[in-house]
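Here the structure is laid out as structure tokens; the discussion comes afterwards.
The values are calculated or read from the model by the stated rules, or taken from the named source; none is laboratory data. Model, not experiment: these values are computed from the prediction. Every residue, glycine as well, gets a Cβ built from its backbone with ideal geometry; the counts of neighbours run over all protein chains shown.
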Amino acid sequence: MASSAAMVEFDRVQKSYDGETLVVKDLNLSMPKGEFLTMLGPSGSGKTTCLMMLAGFETATNGQIRLGGREINNIPPHKRGIGMVFQNYALFPHMTVAENLAFPLEVRKLGKAEREQKVLRALDMVQMGEFGGRRPAQLSGGQQQRIALARALVFEPELVLMDEPLGALDKQLREHMQFEIKHLHERLGITVVYVTHDQTEALTMSDRVAVFNDGRIQQLAPPDQLYEAPENSFVAQFIGENNTMEGTIAELSNGIATVRLDDGEIIDTIPVNVSEVGERTRVSIRPERVEYNRERLSSDAHTLKAEVLEFIYMGDIFRTRLKVAGNDNFIIKTRNAPDQRRLKPGETIEIGWLPQDCRALDA
Ligand SMILES: Nc1ncnc2c1ncn2[C@@H]1O[C@H](COP(=O)(O)OP(=O)(O)OP(=O)(O)O)[C@@H](O)[C@H]1O
Ligand SMILES: [Mg+2]
């Protein structure tokens with residue numbers, strides 16, 4: 001039922017290029033129409049491979065990919081109505097910029113006047129209005145990237161796949177283009193599958209983010225859930241800054257896992273993917289959720305002793321490095337509020353947190 005409404009579906013998809021190793025091991029994903037989904041993950045984790053299978057330039061070794069409920073294998077790439085920005089721009093070198101952009105419109109048999117108007121509008125969108133007459137070789141990397149983006153969007157496809165579309169742009173242009181893409185997504189109601197290495201970009205642009213590792217989706221969730229409720233150690237480490245402490249589960253009851261850290265201290269945590277007493281665990285806590293003002297902690301909160309190693313003034317926040325339970329790279333972040341004390345290297349403090357902010361994950 002939900003699946004027939006889905007725009008894009010990967011159903012137990014596997015991919016091997018050499019017939020031996022699976023680079024995509026078990027991919028299951030269902031995207032509703034209009035969603036902005038980002039694939040985020042380390043280099044080589046299979047993101048481009050997934051886009052290529054969806055676009056039709058690679059075939060799945062096992063499993064099914066469906067587009068609007070239809071098995072995709074029977075539809076050739078140019079009939080899938082997909083706009084694509086490749087990781088390596090792939091502009092036609094012998095055509096001018098304007099001809100590159102007009103090409104997908106010619107394929108779709110649009111008239112000359114309409115083509116010209118759409119090409120101009122697309123060029124304006126990427127701030128390249130003056131460059132219609134140049135060839136790709138006469139453009140910088142970032143300019144080529146913008147043309148590739150314009151070409152993928154010029155025919156207003158229902159589904160757009162973008163593989164690192166802003167990687168070659170400077171910060172200001174990158175932010176401008178993020179805004180343009182997001183705006184276009186909302187205005188046209190297009191469905192977007194986006195690949196980026198940039199976490200901030202993934203978190204700010206997406207409805208949902210799929211974190212890839214080792215040919216599998218480790219977690220698929222909206223940005224806030226991914227950041228605040230990572231389901232395993234990989235996701236906790238990969239998204240945002242994170243502190244970890246290693247230990248053993250001492251007790252499991254009433255939705256609380258009591259953990260004996262390796263230096264002997266006891267803390268309360270939320271059990272996430274641990275299930276037995278005696279199991280090894282890696283406990284995860286975000287830097288901004290650590291508190292050292294006693295008044296801001298509940299009276300029954302467990303606290304730990306911490307030694308201040310380094311204080312870094314960052315303007316809006318203070319970033320302090322501590323030694324906690326044997327970990328000398330434990331970071332806390334505090335807002336630069338008028339009453340916030342600046343910690344000094346060498347001093348010993350007590351830190352604590354709410355148990356629900358501290359998650360017991362796989363070791
Ligand atoms: N055409 C190919 N033939 C053989 N192996 C390939 C081919 N394309 C990709 N691979 C391998 O498949 C794995 C996944 O590659 P893929 O390009 O999907 O990764 P990615 O997540 O897009 O990485 P990156 O972030 O570096 O772009 C890698 O180990 C890669 O070497
Ligand atoms: Mg890639």
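Which is in the same structural domain as LYS33 (by TED's automatic domain parsing), away from ligand 2 (no atom under 16 Å from the Cβ) and touching a Pro at 6+ places or on another chain (Cβ under 6 Å), of PHE155, PHE179?
Going through PHE155, PHE179 in turn, the sole match is PHE155.
Please verify whether VAL8 is in contact with a Lys or Arg (Cβ under 8 Å, 6 or more places away or on another chain), aliphatic (A, V, I, L, M), under 27 Å from ALA90 (Cα atoms) and within 11 Å of ligand 1 (Cβ to nearest atom), treating the condition exactly as stated.
Judged against the criteria, VAL8 is not a match.
Within the range 225-245, work out how many residues are surrounded by fewer than 18 Cβ atoms within 10 Å (Cβ to Cβ) and under 16 Å from ASP198 (Cα atoms).
3
Taking the condition β-branched (Val, Ile, Thr) and closer than 30 Å to VAL13 by Cβ, does VAL277 pass?
In short, no.
In the range 277-304, what residues are among the basic types (Lys, Arg) and in contact with an Asp or Glu (Cβ under 6 Å, 6 or more places away or on another chain)?
Hits for the range 277-304 are ARG282, ARG289.
Considering only the range 15-51, state which residues are away from ligand 2 (no atom under 16 Å from the Cβ) and part of a loop (DSSP other than H, G, I, E, B).
Matches in the range 15-51: SER16, ASP18, GLY19, GLU20, THR21, LEU22, LYS33, GLY34, GLU35.
Give the residues of the range 291-309 that are exposed (fewer than 13 other Cβ atoms within 10 Å of the Cβ) and over 22 Å from LEU354 (Cβ atoms), sorted by residue number.
Residues satisfying the conditions do not exist here.
Given the conditions (1) within 23 Å of ASP198 (Cα to Cα); (2) within 11 Å of ligand 1 (Cβ to nearest atom); (3) charged (D, E, K, R), and given that ASP18 satisfies all but one, which numbered condition is not satisfied?
Every condition holds for ASP18 apart from (1).
Looking only at the range 251-290, filter to residues that are touching a residue at least 60 places away in the same chain (Cβ under 8 Å) and of a type in the set (Gly, Ala, Ser); which one of those is surrounded by the fewest Cβ atoms within 10 Å (Cβ to Cβ)?
Only one residue tops the list, namely SER284.
I need a count of the residues in the range 26-47 that are within 11 Å of ligand 1 (Cβ to nearest atom) and not hydrophobic (A, V, I, L, M, F, W, C).
Qualifying residue count for the region: 7.
Among the residues of the range 203-227, which ones are assigned to a helix (DSSP H, G or I) and touching a residue at least 12 places away in the same chain (Cβ under 8 Å)?
Scanning the range 203-227 gives LEU203, THR204, MET205, PRO223, LEU226, TYR227.
Which residues, taken from the range 20-31, are loosely packed, with under 14 Cβ neighbours inside 10 Å and free of Cβ contacts under 8 Å to residues at least 40 places away in the same chain?
GLU20, THR21
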